[in-house]
Every structure is written in C-alpha cells, then in structure tokens.
Amino acid sequence: MKEEERIRSNDCLGVTEICSCLRKSYFDRKCKKQYTDASLIHITMGKGLHLMFEEVFERMGCETEVSIRFPLRVNDEEVLISGRADAVGDNYIIELKSCSKDLEEPYSSHVMQLNAYLYMFKVKKGYLIYINKSNGRIHVFEISFSPELWREFVERAKKLYLALKNNTVPGTEWNGLCMTCPYKSKCFKDKRQKDNSNAPITSFFNN
Ligand code: SF4
C-alpha cells in the first residue's frame with residue numbers, strides 16, 4: 001500500500017484524532033468529513049498563525065512541520081500513529097495553538113498531543129504556545145513528559161482503532177468544542193434518546 005493510502009486507512013491514526021473527541025474522529029472517518037462555518041474559520045486562522053510563526057521558529061534553530069510515524073501494537077495488529085509537530089528544537093518541541101480567551105492552564109487535549117510528540121520524538125520537554133485571537137496576548141506553558149498521559153494516549157488510540165474496525169460509535173465526550181462540532185445535532189439527539197453509543201454506524205445515521 002502506498003504511503004498516502006496508508007495514512008488514510010483505518011490502521012493509521014493521527015495524533016490529533018486520538019486526542020480529540022473520539023466520537024468526532026470516528027464520524028470524520030466514516031462519513032464525508034463535515035465542517036461548520038466556525039470550524040472553517042478556525043482552520044483558516046490556524047494556518048495563518050502557523051505561517052506567521054514558522055519564520056520565528058526557524059530563526060530559533062527549530063525544524064518546522066516535522067512529520068513522524070510511530071508503530072503501535074493493538075492485539076496482534078500493527079497500527080501506525082502519524083503526527084506532525086509544529087517545531088522541533090535540539091531538546092524541545094513547540095506546539096502553537098490559538099485560543100479565544102486568556103488561559104491560566106493549557107487544554108488537556110493539547111497537553112496529551114504534545115506529550116505524545118515528546119514520546120515519539122524522544123524529547124523530555126515541550127512548550128504549548130497559545131495566541132489569544134481576541135487581544136493578541138501570548139501564553140506559554142512548559143510541559144514535561146508524563147508516562148501516565150502517554151499510556152492514556154495509547155489506550156485512546158486502541159479504542160479508536162477498534163471502534164473503526166468494528167463499526168461501533170464511541171460515546172460522547174462533551175467538551176468546549178461541541179457547540180461548533182458538525183455532529184452536535186446527532187449527539188444531542190442521541191443524548192435525548194438515551195445513550196446509544198454501541199450502535200452500528202448505519203443504524204445511527206438512519207435514525
Ligand atoms: S458534539 Fe461533542 S461529543 Fe459529539 S462528536 Fe462533537 S465533540 Fe464529540
């Protein structure tokens with residue numbers, strides 16, 4: 001199988017997919033990926049932000065947009081974890097994010113994502129840099145590698161892999177991004193009709 005085909009296949013999972021709501025990641029794979037206006041604006045702004053900072057990171061001596069593949073065993077099968085770190089320095093990794101309010105602590109999904117990169121790149125320390133889109137303030141959080149968080153990441157990867165393989169919809173993971181999620185109406189409907197998280201994808205969408 002060619003590299004590009006492998007990345008799109010269900011035995012190659014993205015780091016971001018694993019750290020996001022697994023239900024959303026599942027739907028993104030099983031249906032034609034959907035975008036809301038809000039998510040498209042978010043993606044476009046994110047790309048602009050990365051372009052702006054790429055030069056800064058390179059002047060700091062970092063390599064930018066560094067791809068990595070990491071093999072993981074799930075039962076007897078090999079699953080490939082695929083990721084791309086924003087900037088990799090001599091002994092640190094930087095992930096750049098945007099936010100819409102000042103933050104006192106980083107988002108847990110971003111910490112898990114950076115922690116996964118620390119493991120995959122064999123680096124002990126990383127930085128999450130947030131740019132507040134509403135006032136331009138920059139927040140920097142230093143993150144040290146956590147073995148517990150890496151184990152949690154691996155469990156989530158296995159869960160997503162098996163859900164995709166067995167066509168079982170993962171349960172909801174209510175979070176701050178639900179209101180801009182393209183699948184929110186399905187989740188809210190499902191919530192109203194009681195939890196139906198193990199239903200096959202076909203019956204879920206035929207409701
Ligand atoms: S609405 Fe929330 S729980 Fe439902 S798929 Fe989207 S992010 Fe996940």
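The values are calculated or read from the model by the stated rules, or taken from the named source; none is laboratory data. As the structure is a prediction and not an experimental result, all values here were calculated from the model. Positions of Cβ are generated from backbone atoms using ideal geometry, with glycine treated the same way; all protein chains shown enter the neighbour counts. Each accessible area value is taken on the protein alone, full model and side chains, heavy atoms only, with ligands, DNA and RNA left out. Shrake-Rupley method; radii C 1.70, N 1.55, O 1.52, S 1.80 Å.
Let's see how each residue does on (1) farther than 24 Å from residue 80 by Cα; (2) open to solvent by less than 60 Å² (accessible area, probe 1.4 Å):
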{"residue": "148", "(1), (2)": "no, no"}
{"residue": "151", "(1), (2)": "no, no"}
{"residue": "174", "(1), (2)": "yes, no"}
{"residue": "178", "(1), (2)": "yes, yes"}
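Looking at this structure, is residue 51 surrounded by fewer than 17 Cβ atoms within 10 Å (Cβ to Cβ), away from the ligand (no atom under 16 Å from the Cβ) and closer than 19 Å to residue 140 by Cα?
yes
Counting only residues that are part of a helix (DSSP H, G or I) and of a type in the set (S, T, N, Q), which one in region 9-32 is nearest to residue 188 (Cα to Cα)?
This residue is 25.
Does residue 106 count as outside any helix (DSSP H, G or I) and either open to solvent by 70 Å² or more (accessible area, probe 1.4 Å) or in contact with a Lys or Arg (Cβ under 6 Å, 6 or more places away or on another chain) (or both)?
In short, no.
As an exercise: evaluate residue 100 against (1) within 18 Å of the chain's Cα centre (by Cα); (2) of a type outside the set (D, E, K, R); (3) open to solvent by 20 Å² or more (accessible area, probe 1.4 Å) and give the number of the one condition it does not meet.
All conditions are met except number (1).
What pairs come up if the first residue lies in region 55-73 and is assigned to a loop (DSSP other than H, G, I, E, B), the second is surrounded by fewer than 12 Cβ atoms within 10 Å (Cβ to Cβ), and their beta carbons are under 8 Å apart, counting only those six or more places apart or on different chains?
61/90
With the condition kept exactly as written, say whether any residue in region 93-101 is closer than 26 Å to residue 11 by Cβ and β-branched (Val, Ile, Thr).
Yes, that holds for at least one residue.
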